[in-house]
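Working notes, structure below.
The values are calculated or read from the model by the stated rules, or taken from the named source; none is laboratory data. Quick caveat, the model's predicted, so the values are computed rather than measured. As a convention, Cβ positions derive from the backbone with ideal geometry for all residues, glycine included, and neighbour counts pool all protein chains shown. These accessible areas exclude ligands, DNA and RNA; they are computed on the full protein's heavy atoms, side chains included. Shrake-Rupley method; radii C 1.70, N 1.55, O 1.52, S 1.80 Å.
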Amino acid sequence: MNNPLLSAKRIVVKIGSALLIDYERGRPAQDWLAALAEDVTRLRTEGRQVVIVSSGAVALGRFALNLKSTTRLEEKQAAAAAGQARLVRAYETVFATYNTPVAQALLTPDDTERRRRWLNARATLETLLQLGAVPIVNENDTVATEEIRYGDNDRLAARVAQMISADALVLLSDIDGLYTADPRIDPSAEHIPEVRTITPAIEAMAGG
């Protein structure tokens, strides 16, 4: 099996909330983030460029605002507004150890679907990478409507990887890969180490 990370010069890493948030304490998982910063720094010393697409703002904002849930769009947007600053501050803290600046970039689907805005967003990310910063990308939940949203950061990460011509996209979550079914529900689910072609059978594994 070929490992694209061995030769990738530009990498997009998406991080899910399950890894990023210490839900018991209602704060970022600082030890995990510190380990991430160490890994990213090692890649950078090898001459690689890394862009992080990060979840976590809504979860952190819920804790900050004492929201029990974010079922309504306006509640989610309020939580995102409160959580974004806390999320970026957590990244700033761990990367400061390596004297590495981070920069927040908030995107909406229009930014990756309308040519002029796509070019502007790409130019911003390219400039940040040239200046030695680690871009922290998230969806701009405070202005996106329910009808015009990425829906999840996996999709956003794929668009960002496409936008900046990344060599590899890595999705970090609490599931260690693709399975024939949800391994948390189906104990007979089998791990699939490599997919060379997207077929109807592969798509069917997503379930509902």
Between E24 and S188, what is the label-point separation in nm under the 7 Å Cα-to-beta-carbon projection?
3.6
The range 93-185 - percent of accessible surface contributed by carbon and sulfur, probe 1.4 Å
48
Which lysines does K76 reach when only Cα atoms under 22 Å apart count, and residues fewer than 8 places away in its own chain are ignored?
K14, K68
Whole-Å distance linking the alpha carbon centroid of the range 96-133 with that of the range 42-74 is 16
Can you quote the Å³ per residue value for the convex hull of the Cα atoms in the range 51-119, rounded to an integer?
99
Distant-in-sequence amide H partners of A168 (H built 1.01 Å from N, under 5 Å)
R10, V12
What are the ³J(HN,Hα) values, in whole Hz, obtained from phi via the Karplus relation 6.51 cos²θ - 1.76 cosθ + 1.60 with θ = phi - 60°, for each residue of the range 171-184 in sequence order, with x given for Gly and Pro?
9, 9, 8, 8, 10, 8, x, 8, 10, 5, 7, 5, x, 6
Modelled label-to-label distance, D31 and R196, 7 Å Cα→beta-carbon offset: nm?
4.2
Would you please put 73-83, 110-120, 32-42 in order of how densely packed they are, using the mean number of other Cβ atoms within 10 angstrom per residue and starting with the highest?
73-83, 32-42, 110-120
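Using DSSP H assignments, which helices in the chain have an axial alpha-carbon span of 24 Å or above and a mean Kyte-Doolittle hydropathy of -1.0 or higher? Please report the intermediate quantities before stating the final value.
Values: long enough: 73-96 (34 Å, 0.02).
Counting only whole DSSP H runs, the qualifying helices are 73-96.
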When ligands, DNA and RNA are left out and all protein chains stay put, how many square angstrom of accessible area per residue does the range 13-148 have with a 1.4 Å probe?
52
Using 1/(1 + (r/R0)^6) with R0 = 30 angstrom and r between the beta carbons of N120 and L73, what's the FRET efficiency to the nearest 0.05?
0.70
If each K or R counts +1 and each D or E counts -1, the residues other than A37 whose Cβ falls under 12 Å of its Cβ total -2
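I need the shape label for the chain. Rule: rounded when a/c is under 1.5, else prolate if a/b > b/c, else oblate, with a, b, c from the alpha carbon gyration tensor.
Cα axes put the chain in the rounded bin.
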